[in-house]
1. Could you give the length gained on full extension between E47 and K377, defined as 0.36 nm per residue of separation minus the Cα-Cα distance, in nm?
2. Please state, as a whole number in µm²/s, the translational diffusion coefficient that the Stokes-Einstein equation yields for the chain at 20 °C and 1.002 mPa s, with Rh defined as the Kirkwood radius across alpha carbon pairs.
3. Which of the aspartates and glutamates could a cross-linker bridge to K59, judged by Cα under 19 Å and excluding same-chain residues fewer than eight apart?
4. What distance in nm separates the simple spin-label points at L63 and L77, each placed 7 Å from Cα in the Cβ direction?
5. Anything over 28 Å Cα to Cα? Flag those among K48/K310; K48/K250; K3/K91; K197/K276; K250/K353; K48/K212, in the order listed.
6. What is the fewest-to-most order of K250, K160 by other Cβ atoms lying within 10 Å of their Cβ?
7. Treat each spin label as a single point 7 Å out from the Cα along the C-beta direction, and report the K245 to R185 distance in nm.
8. With an 8 Å cut-off on Cα pairs and a minimum separation of 6 or more residues, tell me the relative contact order of the chain in percent.
Amino acid sequence: MPKNILFITWDGPQTSYMEGLFMPIFKEIAKVNDVKFHVLQFTWADEKKINQTKNAAEKMGILYSALPIIRKPNVSLGSLMTVFSSSGKIKKYIRENNIDIIMPRSTFPAMMVNQIKNKKTTLIFDADGLPIEERVDFAGLKKDSFLYNFLKSAETKMLKNANAVITRSQKAIDVHISNIGEESRCKFSVVFNGRDKNLFKLNNDSKLKARKELGLENEFLFVYAGSLGPQYCLPEMLGIFKNNKTNHSKFLILTGNTEFAEQNIPKALRSNVILKSVKSDEVPFYLNAGDVAFALRKPSFSMQGVAPIKLGEYLLCGLPVIASKGIGDTDDILGHFEECYLFDHSFELGQQKTQINSFLEKVIFADNNMIAEKAKKYFSLEASAASYIKALDII
């Protein structure tokens with residue numbers, strides 16, 4: 001009999017982490033381990049979005065259920081009402097589906113599971129990155145506030161009670177250990193955010209077709225794929241693009257937040273920027289058109305805990321990358337990729353201009369096949385599944 005694992009998550013309707021990241025990893029784990037994954041997703045997505053996720057789950061052999069997040073009388077109160085009224089529903093699901101292992105992801109699911117008394121199941125806490133510290137860095141949460149202490153207390157309780165804890169970086173483990181004590185280090189593991197190497201791959205046919213569609217000939221193409229906003233360093237990307245010495249360069253931005261891009265791209269650069277919003281499964285096609293990719297993100301305390309998904313997507317497609325220093329374990333991983341440049345945000349862009357342009361001059365000679373091959377060790381679904389299985393072996 002396979003072991004039943006229940007993954008509990010809390011997601012807004014705008015995210016596609018379940019079908020795009022976690023479910024493919026779970027499917028890959030189930031290929032080599034005798035486990036059956038169940039997903040309980042708390043969300044305020046509409047029926048169309050929920051059915052889309054459910055259909056994706058069915059195709060991957062995963063049992064999926066959605067539960068609503070209350071949004072009234074306001075978001076904060078509704079969220080707390082959901083948290084404190086849902087432990088019974090989770091307990092019922094565990095009982096009715098013979099769940100062996102519970103895997104709550106991040107703070108709110110941890111709070112729900114904390115309320116379940118006399119748990120007989122094994123507990124793996126997906127601590128994710130450093131989500132509470134992200135609220136401090138980017139959402140205005142004050143460290144001396146009641147809410148911060150409330151959330152931190154729930155996280156600490158889960159960290160201590162869990163049989164195993166998974167994070168996205170070694171740095172995140174060190175932060176948690178400083179909170180709960182060195183004796184707990186043995187139950188922590190780092191897991192990778194894997195991508196399908198059959199989807200994100202170097203494809204010369206796609207390169208030719210994508211460049212033709214984009215109206216490109218011999219232009220040097222910078223590319224960025226992902227969210228846009230204050231923490232995603234659009235000014236730095238535009239500055240590097242503007243300062244580069246390559247002839248006839250263009251910048252392709254693939255994002256759902258085209259409005260932000262329109263408002264923040266200077267008129268002087270607009271004619272050389274290609275702005276597109278595409279479906280997630282179309283991203284690899286356009287990445288193949290590029291010569292170098294951006295993976296910049298403003299470093300902060302919480303960013304020690306993240307593993308940028310786009311970095312793996314770029315490298316699996318054989319792209320050289322300009323990435324931010326100080327993000328998760330990126331510095332260590334990219335030490336194996338001489339085709340990548342680590343941008344140091346503690347220096348002004350102008351102070352790195354010479355080094356960046358020197359890097360860009362060498363990019364055209366990069367061995368793209370070598371980049372894609374090396375990337376599989378860190379960013380493929382197989383590598384990700386192996387890292388999760390290692391965490392499962394702890395218990």
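Values in this text are rule-based calculations from the coordinates and carry no lab data. The model shown is predicted, which means the values in this text are computed figures rather than measured ones. Quick reminder, even Gly has a Cβ in these numbers, built from the backbone with ideal geometry, and neighbours come from all protein chains shown.
1. Numbers: separation 330, 0.36 × 330 = 118.80 nm, distance 3.77 nm.
Fully extending the segment from E47 to K377 adds 115.0 nm.
2. Numbers: Rh = 22.3 Å.
My calculation gives 96 µm²/s for D.
3. Candidates past the 8-residue exclusion: E19, E28, D34, E47, D196, D281, E382.
4. According to this spin-label approximation, the distance is 3.6 nm.
5. K48/K250; K48/K212
6. Working: K250 21, K160 14.
Ascending Cβ contact count within 10 Å gives the list K160, K250.
7. According to this spin-label approximation, the distance is 4.6 nm.
8. Working: 687 pairs, mean separation 65.8, N = 395.
Relative contact order, the chain: 17 percent.
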